[in-house]
1. Which residues, counting only those in the stretch 104-125, are open to solvent by 70 Å² or more (accessible area, probe 1.4 Å) and either in a loop (DSSP other than H, G, I, E, B) or among the aromatic types (Phe, Trp, Tyr) (or both)?
2. If you check Lys28, Lys37, which single one turns out to be within 26 Å of Thr141 (Cβ to Cβ), among the basic types (Lys, Arg) and surrounded by fewer than 19 Cβ atoms within 10 Å (Cβ to Cβ)?
3. Please verify whether Gly263 is free of Cβ contacts under 8 Å to residues at least 40 places away in the same chain and in contact with a Leu (Cβ under 9 Å, 6 or more places away or on another chain), treating the condition exactly as stated.
4. Please specify each residue of the stretch 286-322 satisfying the condition of being basic (Lys, Arg) and surrounded by 14 or more Cβ atoms within 10 Å (Cβ to Cβ).
5. Tally up the residues in the stretch 112-147 that are of a type in the set (D, E, K, R) and under 22 Å from Ile369 (Cβ atoms), please.
6. Identify all residues within the stretch 271-285 that are surrounded by 19 or more Cβ atoms within 10 Å (Cβ to Cβ) and more than 16 Å from Leu325 (Cα to Cα); write none if there are none.
7. Is it the case that Leu64 is open to solvent by less than 40 Å² (accessible area, probe 1.4 Å) and assigned to a strand (DSSP E or B)?
8. For the stretch 289-354, which fully contained helices (runs of 4 or more DSSP H) count at least 3 residues that are among the hydroxyl-bearing types (Ser, Thr, Tyr), in contact (Cβ under 8 Å) with a residue 12 or more places away in the chain and in contact with a His (Cβ under 7 Å, 6 or more places away or on another chain)?
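The values are calculated or read from the model by the stated rules, or taken from the named source; none is laboratory data. Predicted model, so just to flag it, every value in this text is computed and none were measured. Positions of Cβ are generated from backbone atoms using ideal geometry, with glycine treated the same way; all protein chains shown enter the neighbour counts. Areas reflect the complete protein model, heavy atoms only, side chains present, ligands, DNA and RNA absent. Shrake-Rupley method; radii C 1.70, N 1.55, O 1.52, S 1.80 Å.
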Amino acid sequence: MMSRTITIERFLTKSEDWVPVRPDQNYKQITARLWGKGLTLRGEVPGSAIAAARQYCAKAGQFLISRIDARHGAFGIVPEELDGALVSNDFPCFNIDASTVLPHFFEWYSRTPEFIDLCRRASEGSTNRVRMKEAKFLKMTVPLPSLDEQRRIVEKLDRVAALVDDRRNAIEAAERETQALLLKAFQRAIDGAPLRPMAEVAPLVRRPVEIDLDASYPELGVRSFGRGTFHKPDLPGAEVGNKKLFRICGGDLLFNIVFAWEGAVAVAQPEDEGRVGSHRFLSCVPAPETATVEFLRFYFSTPEGLQKLGEASPGGAGRNRTLGLKKLESLQVPVPPILRQHWFDGLQTKAREARAIRASTAQDVEALIPAMLHEIFDGGAMAA
């Protein structure tokens, strides 16, 4: 257990490095990510786009913290690439006395739940105006091992973090390779296949729900970018109003017509059976002897399939585009022999199994650093 502690004001000194904002000069800006995930570049803007006449100039190695979101872990050490970035008064910067606390050691400690809780306790205010109180924050105490022990802790955590990064990169590379192999196999499967309209291959099926004002209806959602379905909260019948609801069955090929152009296409799973969707959700059911639902879903995740959905979704820029019902029915899709589709679906099943194993491994990998932080800092028992 780390018996020695130190008040934060003993090693953090607020920087007062204000600089005038020049309208004709470009400035980097910083985003403080939540839950101890550090700082990143928000973008670069001309001084004319910054309302304040002067701002703080952040320096590499300083500790920057968000007054508003400190209680949510919005802080971090300024990296070299953000040196000279400007931040407002809501993001005070502190110089670290490295003769007492190593900056990298403090960076690791700041990622613990205990330090985030410390920031929460240093924040006050009403619900919408909670702010970190600087004086209170600086009076808080944190563990203080010797400098030699700090170095050993940093070396240990850095070494494990490098291994975690390597493993994460390997998992991501394996996923990219799997997806590339699937796409290659899909192209082989549709080689020479005829094109037929969706109205013939997977007709639209509507199952209207008769609304009972005293009942509730579990809604289903479809995520963009091929990320599947999700369950929305139940919708009370009294709140349905003039909204039309349609029942969804497992195995439906679902299109969210508002976001279809960005891949909001999914297969309804067995656990989705009986949920409902509004008129914005279209259910298509493939003819069993003609096409499989997973084969069609994959097609609409390919660049060619997404392009067709985009062309069938007229409207303004961004999220004002809507997939037309008639346009969906007339979309031409490749229809190879059903046995070839089953062969490809078998490959998709194996890919999903491999993906599930990788996801489980990724969870274990991501849990390693938090577990080590907890072990090293003994649950943060000495932070107060």
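1. Scanning the stretch 104-125 gives a single hit, Arg111.
2. Values: Lys28 fails: within 26 Å of Thr141 (Cβ to Cβ).
On inspection, the qualifying residue turns out to be Lys37.
3. no
4. Taking the stretch 286-322 and keeping what is basic (Lys, Arg), we get 297, 308, 319, 321.
Scanning the stretch 286-322 gives Arg297, Lys308, Arg321.
5. 3
6. Those that are surrounded by 19 or more Cβ atoms within 10 Å (Cβ to Cβ) and more than 16 Å from Leu325 (Cα to Cα): Asp272, Arg275, Val276.
7. Taking the combined requirement at face value, the residue satisfies it.
8. So the answer is none; nothing clears 3.
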